[in-house]
Amino acid sequence: MSDNGWISLYRKFTDWEWYTDANTMRVFLHLLLKANHKEGHWQGKVINKGELITSLDHLSKDLKLTPQQVRTALEKLKKTNEITTKATNKYTLVSIVKYSVYQDKEEKNNKQNNNQITNEQQTNNNQITTNNKNNNNNNIYYYLLNKYKSNDFPPSTSIIQDVRKDPDYLLLDNDDRISLELELML
């Protein structure tokens, strides 16, 4: 589990029954921060999203609390069904019971926001592409106009035939082709 990323913490957290219990709140926040945000593996065991492998000693050292303070906080969190634990002689598997409620809602909102941003970006990119295409058409249009309206060509219908054979002419859209031909005939 990497330490990169973030967790959701709702303002309503201040209404939580353990919010004013400093040690219990710290332990719970620490567990939220350390829990897997996606399924992982540890020593051949699957550690699910919302779970972490730890020990009383590790929590005590990480939070600078005594083992008894950590144990008391964990008991309070288990009593109110915030967490479950499975202890072995080497480690404890801690599961945050409502992890998906705490974190997935924000993840879903982020996916929706990311999709919205992606869609807006694609729309902007399409507009830029369209604008670039229009600019390219304008450049080709004026290039052909200057090329065939020069003094080298007598004004005649043969100019139209010559411009229609030009490979750059095929790059223009139909409206620009019509405009070019009209301009050349003037």
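Please treat every number below as a calculation from the coordinates, not as lab data. The structure presented is a predicted model; accordingly, all values stated were derived computationally and were not measured. For neighbour counting, all protein chains shown are included, and Cβ atoms are generated from backbone atoms with ideal geometry for every residue, glycine included.
Computed quantities for the displayed model
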item	result
Summed side-chain charge close to E17 - residues other than E17 whose Cβ falls under 10 Å, Lys, Arg +1, Asp, Glu -1	-2
Computed over segment 1-60, the ratio Rg/Rh where both radii use C-alpha atoms and Rh is Kirkwood	1.01
Gap separating the Cα centres of segment 12-41 and segment 156-177, nearest whole Å	71 Å
